[in-house]
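Every read-out reported here was derived from the displayed coordinates using simple, explicitly stated rules and does not represent laboratory data. Since we're looking at a predicted model, the values are computed, not measured. Glycine gets a Cβ as well: all are built from the backbone with ideal geometry, and neighbour counts include every protein chain shown.
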């Protein structure tokens, strides 16, 4: 199998030496996404819900580019600056999945890129 780089202008360009996603066979590995609006390059940080929604929209754009959607997500990881915001993040995150939500872990971290409050990565498969 050969790895394929997945890139879309509908999600933020990488801010370091990595790609938005890498597809390997039927598996898609999506790098952690933050609340950068790909059209303006500005962070969406009005509140944790709007920040999480932008993150999920960025993830959706990458899934779309790979010919997948949230039903293909097998596992996700949520990185939070404040576990006290877990319920608010979980509410937005959960709205993108039906009963087939993926496996997941959520961890509190001491810092995230550009001072954001949430970052989410995903693994999907066909």
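General remarks:
- Single unsatisfied condition, residue 65 versus (1) exposed (fewer than 15 other Cβ atoms within 10 Å of the Cβ); (2) closer than 19 Å to residue 21 by Cα; (3) touching a strand residue (DSSP E or B) at 6+ places or on another chain (Cβ under 7 Å): (1)
- Residue within region 36-58 that is closer than 18 Å to residue 9 by Cα, under 14 Å from the mean Cα position of the chain (by Cα) and part of a strand (DSSP E or B) present: yes
- Of the residues 22, 73, 89, 107, the single one that is in contact (Cβ under 8 Å) with a residue 12 or more places away in the chain, in contact with a strand residue (DSSP E or B) (Cβ under 7 Å, 6 or more places away or on another chain), under 28 Å from residue 3 (Cβ atoms) and crowded, with 18+ Cβ neighbours inside 10 Å is 73.
- Annotation: residue 74 fulfils all but one of (1) outside any helix (DSSP H, G or I); (2) within 14 Å of residue 107 (Cβ to Cβ); the unmet one is (2).
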